[in-house]
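Everything on this sheet refers to the single structure shown next.
The values are calculated or read from the model by the stated rules, or taken from the named source; none is laboratory data. Note that the structure is predicted; figures quoted are calculated from it, not measured. Positions of Cβ are generated from backbone atoms using ideal geometry, with glycine treated the same way; all protein chains shown enter the neighbour counts. Quick note on the areas: whole protein, heavy atoms, side chains included, nothing else; ligands and nucleic acids left out. Shrake-Rupley method; radii C 1.70, N 1.55, O 1.52, S 1.80 Å.
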Amino acid sequence: MSTGIAEPEHGEAADGTPHHRDVSGGWLRPAVFGAMDGLVSNLGLMTGVAGSSASPQTIVLSGLAGLAAGAFSMAAGEYHSVASQRELVQAELEVERRELRKNPEAEVRELAAVYEGRGVDPELAREVARQLHRDPERALEVHAREELGVDPDDLPSPAVAAVSSLLAFGAGAVLPVLPYLFGATALLPAVVVALLGLFLCGAVVAKVTARSWWFSGLRQLALGGGAAALTYGLGALFGVAVG
């Protein structure tokens, strides 16, 4: 039954303005990719060990060791990476802050040139730049965004990045271990659980891409399955060689 009120089109907000998805992925993208990393790497490790005809106890121990080592390694790497990036940005901000104090007129001209390059009339661009420079902190914020592409008030946290990476990797890496912890003695249940997890992760990633959920899920399943098959073959080969 029609109400006489036009419903918003797909991709539009209620007021009719276009609605775009968050192309950065927000928290979803790093969380899902961290989980997929844990899944693929630990599944590969466990299938490689299983290929060498190791006992179920050895396989599950390798899975738990891979989970712990991988999660802590990812957390440490992410912490160092984000901390280094943050320190670099802060150093560049300090350089910009000194330039604003020492050469304010040159910085006004520089900002005006940026706006002119975007199509603003020269006189208006200079006036906007002068007004923004009335407040030193606002001027620093604008220069940081225009020249460095960063928001000084929204720099990433190394601790948050590390914890998020550790949890996401651990959540993915634990999936192939779970069947063994619940009594499985064969590799097949672990592979099935891991591949289902990979398909689900791939399907969720489709929320921040233009691909369909089934295509993204099947692609991730194929890549993870291929990695597991390859490492199983290498495990079998090395098992024969050292046996």
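Overview of results
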| read-out | value |
| --- | --- |
| Inter-site label distance for residue 92 and residue 61 at 7 Å from Cα along Cβ, in nm | 4.9 |
| The chain - percent relative contact order, Cα under 8 Å, separation 6 or more | 35 |
| P(r) weight above 23 Å for segment 125-243, C-alpha pairs, percent | 59 |
| Top positive-direction residue, dipole computed over the chain with Cβ charges, set 197, 236, 177 | 236 |
| DSSP-assigned coil residues among trypsin sites (Lys or Arg not before Pro) in segment 129-188, each with at most 15 further Cβ atoms within 10 Å | 134 |
| Dipole magnitude of the chain, debye to nearest 20 (Cβ charges: Lys/Arg +1, Asp/Glu -1, about Cα centre) | 1180 |
| Rounded percent of accessible protein surface that carbon and sulfur make up, segment 77-185, 1.4 Å probe | 53 |
| For segment 62-181, average projected area of the Cα convex hull in nm² | 9.6 |
| Counting all C-alpha pairs of segment 64-107, share separated by more than 12 Å (%) | 69 |
| Rg(Cα) / (2.2 N^0.38 Å) computed for segment 176-243, rounded to two decimals | 1.36 |
| Fraction of alpha-carbon pairs over 14 Å apart in segment 138-197 - percent | 69 |
| Over the chain: Kirkwood hydrodynamic radius from C-alpha pairwise inverse distances, Å | 22.1 |
| Heavy-atom surface of segment 113-243, accessible at 1.4 Å and reported per residue (Å²) | 59 |
